[in-house]
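*Asks:* Before we start, here is the structure in question, set down as structure tokens.
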Amino acid sequence: NKHLLSSEDLTADDIATLFATAAEMHDVQRREVKKLPALRGRTIINLFFEDSTRTRSSFEIAGKWLSADTINITGKGSSASKGESLRDTVLTIASMGVDAVVMRHGASGAAQQVSQWVDAAVVNAGDGTHEHPTQALLDAYALSRHFGDGGRLGSLEGRHVVLVGDLTHSRVFRSNVITLTRLGAQVTVVAPPTLMPAGIASWSSSAGFATSYDLDEVLPKADAVMMLRVQKERMSGGFFPTSREYTVGYGLTRDRLRVLGPEVPICHPGPMNRGLEIAADAADAAQSLILEQVSAGVAVRMSVLYHLLAGEGTA
Ligand code: CP
């Protein structure tokens with residue numbers, strides 16, 4: 001593929017190829033090899049209209065460790081703040097001769113739209129409430145490493161992964177469901193009725209995942225649990241249930257951590273609302289993969305950039 005716009009773009013074989021390359025990139029990440037020359041002479045623009053800590057910095061590190069020239073543009077510091085349109089912004093950037101645009105935007109479908117305007121490869125780094133495909137890749141990669149042996153990647157086939165949280169506003173949930181089910185995982189998504197997306201019944205039956213409103217019924221059967229952020233900034237109609245009710249019903253509290261036991265890995269894509277969807281005890285537990293997810297993000301994004309810009313075929 002020329003772009004990575006949606007998790008739907010990747011078959012199970014594509015994901016396996018990306019993961020194999022990501023595993024090799026870990027050598028660079030361990031700093032045993034300082035840099036690879038693979039993308040020397042290539043220019044990557046990180047174009048972020050929404051805030052980011054992990055995604056933007058890990059794409060920048062990934063590009064630099066592959067010897068690409070990387071440039072960051074944010075909505076606030078660019079002429080978009082003076083009213084320049086998205087189309088004019090990306091056409092302006094593309095005219096400078098960039099090879100890839102890694103973009104985050106508040107509008108669902110923005111990356112797809114931009115891919116129709118420019119010749120450069122476009123990577124969706126989060127578009128509104130739609131998708132975040134590299135997050136899903138790094139989550140699945142971190143879980144594969146966890147279930148593997150001695151640093152080797154393990155299979156997610158048949159593993160029961162439970163995603164919990166504000167599903168209505170979560171692009172991470174959408175991409176994760178696609179990627180995890182493609183890898184053969186058994187997926188259950190849990191949310192209060194007010195944060196369960198419209199139309200999920202038909203999607204879950206066609207894609208083969210389960211839905212539940214009852215975290216306490218699902219949690220004891222989990223092989224891995226992923227807590228998702230409550231995105232109050234996207235709730236123009238207010239937050240219901242209240243924060244307190246949410247934590248009682250859907251938070252990974254200290255009590256639920258005890259039910260989960262010490263072996264089940266805990267994921268969160270970040271940033272976390274500590275004390276709301278996840279207790280500090282859970283976030284900082286020995287079984288937490290949260291920082292492994294961040295670390296995996298660099299290797300996986302190196303792999304994605306490599307396959308888009310240097311290799312042939314996948315991503
Ligand atoms: N998970 C994630 O996308 O984090 P950032 O918003 O910090 O990039």
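*Asks:* Is segment 235-249 home to any residue that is within 16 Å of the ligand (Cβ to nearest atom), in the same structural domain as residue 289 (by TED's automatic domain parsing), surrounded by fewer than 19 Cβ atoms within 10 Å (Cβ to Cβ) and charged (D, E, K, R)?
*Replies:* Let us first name the residues in segment 235-249 that are within 16 Å of the ligand (Cβ to nearest atom), namely none.
No, segment 235-249 has no match at all.
*Asks:* Can you find a residue in segment 178-194 that is more than 25 Å from residue 16 (Cβ to Cβ) and of a type in the set (Gly, Ala, Ser)?
*Replies:* Of the residues in segment 178-194, the ones more than 25 Å from residue 16 (Cβ to Cβ) are 190-194.
Okay, now just the ones that are also of a type in the set (Gly, Ala, Ser), so 191.
Scanning segment 178-194 turns up at least one residue that is more than 25 Å from residue 16 (Cβ to Cβ) and of a type in the set (Gly, Ala, Ser).
*Asks:* With the condition kept exactly as written, say whether any residue in segment 250-267 is assigned by TED's automatic domain parsing to the domain that holds residue 143, farther than 25 Å from residue 122 by Cβ and within 16 Å of the ligand (Cβ to nearest atom).
*Replies:* Just the residues of segment 250-267 that are assigned by TED's automatic domain parsing to the domain that holds residue 143, to begin with: 250-267.
Subsequent filtering for residues that are farther than 25 Å from residue 122 by Cβ retains 250-267.
If we keep only those that are within 16 Å of the ligand (Cβ to nearest atom) too, we end up with 266-267.
The answer is yes; a qualifying residue exists.
*Asks:* If I filter segment 30-51 down to residues being surrounded by 17 or more Cβ atoms within 10 Å (Cβ to Cβ) and of a type in the set (D, E, K, R), which single residue comes out as nearest to the chain's Cα centre (by Cα)?
*Replies:* So the residue we want is 50.
*Asks:* Pick out, from segment 203-315, the helices (runs of 4 or more DSSP H) lying fully within it that include 3 or more residues that are over 30 Å from residue 24 (Cα atoms). Please lay out each step first, then the result.
*Replies:* On the way: elements: 215-218, 243-250, 254-260, 280-283, 290-309.
Because the criterion is at least 3 residues that are over 30 Å from residue 24 (Cα atoms), the helices (runs of 4 or more DSSP H) in segment 203-315 that meet it are 215-218, 243-250, 254-260, 280-283.
*Asks:* Select from segment 50-69 the residues that are touching a residue at least 60 places away in the same chain (Cβ under 8 Å) and within 16 Å of the ligand (Cβ to nearest atom) and list them in ascending order.
*Replies:* Step one: filter segment 50-69 for residues touching a residue at least 60 places away in the same chain (Cβ under 8 Å), giving 50, 52-56, 58-59, 61-63, 65-66, 68.
Within segment 50-69, 50, 52, 53, 54, 55, 56, 58, 59, 61, 62, 63 qualify.
The values are calculated or read from the model by the stated rules, or taken from the named source; none is laboratory data. Since we're looking at a predicted model, the values are computed, not measured. Here the Cβ is made from the backbone with ideal geometry for all residues, glycine too, and neighbour counts use every protein chain on show.
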